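The block underneath contains the structure these notes are about, expressed in structure tokens.
The values are calculated or read from the model by the stated rules, or taken from the named source; none is laboratory data. Remember, predicted model here, so these are calculated numbers, not experimental data. We place every Cβ from the backbone using ideal geometry, glycine too, and count neighbours over all the protein chains shown. All accessible areas refer to the heavy atoms of the entire protein, side chains included, with ligands and DNA or RNA removed. Shrake-Rupley method; radii C 1.70, N 1.55, O 1.52, S 1.80 Å.
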Amino acid sequence: MDRFDVVVIGGGPGGYVAAIRAAQLGFKVACIDEWKNVKGGPAPGGTCTNVGCIPSKALLQSSEHYDHALHHFADHGITVKGASMDVAKMLARKDTVVKQNNDGILYLFKKNKVTFFHGRGSFAGAVKEGVYEIKVDPSPGSGQTEPAATSITAKHVIIATGSNARALPGAAFDEKLILSNDGALRIGDVPKKLGVIGAGVIGLEMGSVWRRLGADVTVLEGLPTFLGAVDEQIAKEAAKLFKKQGLNISLGVKVGAIKAGKSDVTIEYATAEGKAETVTFDKLIVSIGRVPNTIGLNADAAGVKLDERGFIIVDGDCKTSQPNVWAVGDVVRGPMLAHKAEEEGVAVAERIAGQHPHIDFNCIPWVIYTSPEIAWVGKTEQQLKAEGVAYKSGSFPFMANGRARALGNTDGMVKILADAKTDKVLGMHAVGPVVSELIAEGVMAMEFGASSEDIARICHAHPTLSEATKEAALAVDKRTLNF
Ligand code: FAD
Ligand code: NAI
């Protein structure tokens, strides 16, 4: 049986990054991942690479180009006659981007001398003589005997098995009519009428893709507020812009029976006012959150405890209930974000090496890649009010930013929240063009304990969108220069 210092189960952003960092620190490392590509070969990178961050951003980019060609090129004097969308080509491009990422991870494993096993990893039992035995089954559940399963041992095990889409009761995903994120990224023809349940991150991103391509998109959201976790002012602005684009969002609905027919799906629901409605869609995306994945891990055998919702229980350092068993990413508490999983993976590898890394969960940024994008870090105004923190707020609209005008994209704003007494930055919130990139400045400022004045005094290149961040910081002190 091959013996490793560290075995990582799961090769998504949490797992593959943990494996690389552990190898950099001198450990003998293996990473096991079961994801298969269409040919049955390895496809490391997890949800993020295969059916999440990467393919969704590829489709968002393609559909945005199309939208620009149809609606915005004319403003620049460009005439496009007969623009059309080849959905098959768009999907093939997306698949190529995914494969480039899969191959990139396999290359990184080789470069860092991480041994990769393609198959399902499971605990064979409890720790014995200081090591865990992990079974690797290359064809779990298939009944095949070839290739044969192997077993390896490890002193440390990092569980990074990720999450799966949550289905609505009575409406299992068939990925043809009732779609999870997986099917939503593979729709072969633009549906005439697309339904989305859940106005969260996936609902808005996927809804935007198919709306731009011509679908009539209706989003049904259970909560009465739109994007409740987002700063209210930003969420309000985003809602206004999405409505203008033609995305129909109904809040406070109660979804009832869902019936899939031969070629469409019918949903009964009650509106916020209690009115009964029935609507039929060509396709339905269900994006109501995700559940942790521990299928086939046999965590019980090793005595690794789960909570009542199926998450692996960990402490602040990602230690599980068993010695030398760690867990990171979507399978543990905290936001289900690729960069959060990566940070935890790195931190665990460093803790195994005796180092003392620290992750500040308050400084983990969020981005919703709609157009305009929404990004934030730290506290929202509503959180600060609820916590009784005295704060100052400064915001700056892209309408007054030269680069945004030149881009032809002046929707939205940047907002900075700072402590009323100390001026320390407590949060940054933005809706607008490429704010996914701008938010890094807010994260950096918060990680360094910067004040809004610090940001205001930094020289920002002109003309850039980042000048809106500087101006928002100036606005905290009521001294914007360009507004
Ligand atoms: P995963 O990426 O889920 O990886 C887990 C891996 O473990 C999988 O490959 C799985 O096959 C494997 N596995 C599971 N059990 C076993 C086992 N027993 N043996 C072997 N292998 C196993 N986050 C962002 O930060 N930015 C985004 O833009 C973004 N976009 C998203 C878009 C969509 C449509 C979705 C669904 C998610 C998106 N996310 C995004 C979330 C992000 O994908 C997850 O937070 C991230 O993938 C979690 O990483 P992970 O390593 O914990 O798990
Ligand atoms: P989500 O948690 O973002 O949104 C789910 C939405 O569905 C919520 O608004 C919720 O109120 C609503 N909902 C729940 N049950 C409902 C019901 N029965 N009827 C109607 N509405 C209901 O979850 P989503 O969009 O599925 O995404 C899962 C996670 O994946 C995200 O939370 C995020 O962590 C990650 N992700 C991140 C992305 C990014 O970083 N850009 C992109 C996509 C996903």
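Using θ = phi - 60° and the Karplus curve 6.51 cos²θ - 1.76 cosθ + 1.60, what whole-Hz ³J(HN,Hα) does each residue of the range 468-483 get, with Gly and Pro shown as x?
Computed from phi, the couplings for the range 468-483 are 5, 5, 4, 5, 5, 5, 5, 5, 4, 9, 6, 9, 4, 9, 10, 8 Hz.
Of 29, 425, 69, which is farthest on the positive side of the dipole of the chain, counting Cα position, with +1 on Lys and Arg Cβ, -1 on Asp and Glu Cβ, and the Cα centre as origin?
Checking the options against the dipole of the chain, the answer is 69.
Which entries in the list 155/305; 421/470; 110/319 go over 24 Å, if you measure between the two C-alpha atoms of each? Mind dumping the intermediate values first?
Working: 155/305 19 Å; 421/470 20 Å; 110/319 28 Å.
Table pairs above 24 Å Cα-Cα are 110/319.
Run the 1.4 Å probe and let me know the accessible area of residue 462, rounded to the nearest 10 Å².
Looks like 140 Å² after rounding.
In debye to the nearest 20, how big a dipole does the range 3-160 give about its Cα centre with +1 on each Lys and Arg Cβ and -1 on each Asp and Glu Cβ?
On the way: 18 positive and 13 negative charges, 84 e Å.
Dipole magnitude for the range 3-160 comes out near 400 debye.
Counting Lys +1, Arg +1, Asp -1, Glu -1, what net charge surrounds residue 71 among other residues with beta carbon under 15 Å of its beta carbon?
Combined, the nearby Lys, Arg, Asp and Glu give 0.
List, largest first, the extents of the alpha carbons of the range 139-208 along their principal axes, each in whole Å.
Result, largest extent first: 51, 29, 24 Å.
Give me the number: length gained by fully extending residue 280 to residue 1, i.e. 0.36 nm times residue separation minus the C-alpha to C-alpha distance, one decimal in nm.
Working: separation 279, 0.36 × 279 = 100.44 nm, distance 5.59 nm.
Computed gain between residue 280 and residue 1 is 94.8 nm.
Suppose only helical runs count, i.e. DSSP H with n ≥ 4. What mean residue ellipticity at 222 nm does that imply for the chain under -39500 (n - 2.57) per run, divided by all residues and rounded to the nearest 500 deg cm²/dmol?
Here the helix-only value at 222 nm equals -9500 deg cm²/dmol.
Enter the accessible area per residue of the range 363-476 (Å², integer; probe 1.4 Å; all protein chains in place).
On the way: 4550 Å² over 114 residues.
Averaged over the residues of the range 363-476, the accessible area is 40 Å².
Provide the FRET efficiency to the nearest 0.05 for the residue 146-residue 57 pair, computing r from the beta carbons and using R0 = 35 Å.
Working: r = 37 Å, r/R0 = 1.07.
The pair residue 146/residue 57 has a calculated efficiency of 0.40.
Within a Cβ distance under 13 Å of residue 125, other residues only, what is the Lys/Arg minus Asp/Glu net charge?
My count for the surroundings of residue 125 gives -1.
At a Cα cut-off below 20 Å, give the aspartates and glutamates reachable from residue 424, other chains included and same-chain residues fewer than 8 away excluded.
Within reach: 231, 360, 381, 387, 441, 447, 453, 454, 467, 471, 477.
Report the net charge of residues surrounding residue 337, where surrounding means a beta-carbon distance below 13 angstrom and charges are Lys +1, Arg +1, Asp -1, Glu -1.
Its environment carries a net charge of -1.
Under a no-solvent Debye model with one identical scatterer per Cα of the range 363-476, what's log10 I(q)/I(0) at q = 0.12, 0.20, 0.23 Å⁻¹?
-0.36, -0.99, -1.28
I'd like the Kirkwood hydrodynamic radius of the range 178-288, using the inverse of the mean 1/r over distinct C-alpha pairs, in Å.
About 14.1 Å, per the Kirkwood formula over Cα pairs.
Take peptides 405-411, 77-83, 350-356, 282-288 and line them up by average Cβ neighbours within 10 Å, highest first, as a rough protection proxy.
Descending mean neighbour count gives 282-288, 405-411, 350-356, 77-83.
Where the accessible area of the range 178-288 is counted over protein heavy atoms with a 1.4 Å probe, how much of it, in %, is carbon and sulfur?
Roughly 51 percent, rounded to a whole number.
In straight Cα distance, which lysines are under 26 Å from residue 89, not counting same-chain residues fewer than 8 positions off?
The reachable lysines, counting only those whose Cα sits under 26 Å from residue 89, are 36, 39, 57, 81, 99, 176, 192, 193, 283.
Calculate the translational D of the chain in whole µm² s⁻¹ from Stokes-Einstein, where the hydrodynamic radius comes from the Kirkwood formula applied to all Cα pairs, the temperature is 20 °C and the viscosity 1.002 mPa s.
Estimated via Stokes-Einstein, D reaches 89 µm²/s.
Using a basic spin-label model with each label point 7 Å from the Cα along Cα→Cβ, how many nm lie between residue 193 and residue 268?
1.7 nm
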